[in-house]
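For reference, the structure discussed in these notes is given below.
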Amino acid sequence: MNNIKKAVIFGATVPFFAFAMDFKGLVTQIMGQIDILPAFIIGLAVLYFLWNVAQYIMAGGDPKKAEEAGKMITYSLIAMFVMISVYALIGVIQSTLNLGANDVVDVPALPSSGGSSSWDSWGW
């Protein structure tokens, strides 16, 4: 488990150093990777469904194995339906609120004080 943590930390930091990115570039890179996550998870669910269909077919005449595979097929169909519904609901909410994938939210930052520490330099 410790090696997995090291691999994840290494994999997350290599692009930062290799491409000499600033923090904004790193966040953009991470967000780009997160964008493909729903499609990847739905793809895994489809593969799980197909695996269970194969298990059902290979069960042959064994009613216990066929029943278990049938339950897993039902569960995987329900899971795929829920995932696709949530994905569609997020899309509807984004379009209703006029939020696009490329919208940039300005993050407030403290202005540079130029060496002065008075409250006036912050605009208060």
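The values are calculated or read from the model by the stated rules, or taken from the named source; none is laboratory data. The structure displayed is predicted, hence computed values, not measured ones. Glycine gets a Cβ as well: all are built from the backbone with ideal geometry, and neighbour counts include every protein chain shown.
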Exercise for the section: May I ask you to say which residue of Met21, Met58, Met31 is modelled with pLDDT of 85 or more, out of contact with any Phe, Trp or Tyr (no Cβ under 6 Å at 6 or more places or on another chain) and surrounded by 10 or more Cβ atoms within 10 Å (Cβ to Cβ)? Expected result: Met58
Exercise for the section: Among the residues of the stretch 79-115, count how many are surrounded by 11 or more Cβ atoms within 10 Å (Cβ to Cβ) and either farther than 24 Å from Gly32 by Cβ or modelled with pLDDT under 80 (or both). Expected result: 6
Completion exercise
Taking the stretch 2-18 and the residues there that are among the aromatic types (Phe, Trp, Tyr) and either surrounded by 10 or more Cβ atoms within 10 Å (Cβ to Cβ) or farther than 27 Å from Ala109 by Cα (or both), the one that is modelled with the highest pLDDT would be Phe10
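Limited to the stretch 30-86, what total is found for residues that are of a type in the set (A, V, I, L, M) and under 30 Å from Thr13 (Cβ atoms)?
Here the count works out to 9.
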Fill in the blank from the handout: If we keep only residues of the stretch 61-78 that are under 23 Å from the mean Cα position of the chain (by Cα) and not aromatic (Phe, Trp, Tyr), then the residue surrounded by the fewest Cβ atoms within 10 Å (Cβ to Cβ) is Ile78
Handout entry: Pairs where the first residue, in the stretch 27-54, is in a helix (DSSP H, G or I) and the second is modelled with pLDDT under 80 and surrounded by 11 or more Cβ atoms within 10 Å (Cβ to Cβ), C-beta under 7 Å, 6+ apart
Key = Gln29/Pro15; Gln29/Met21
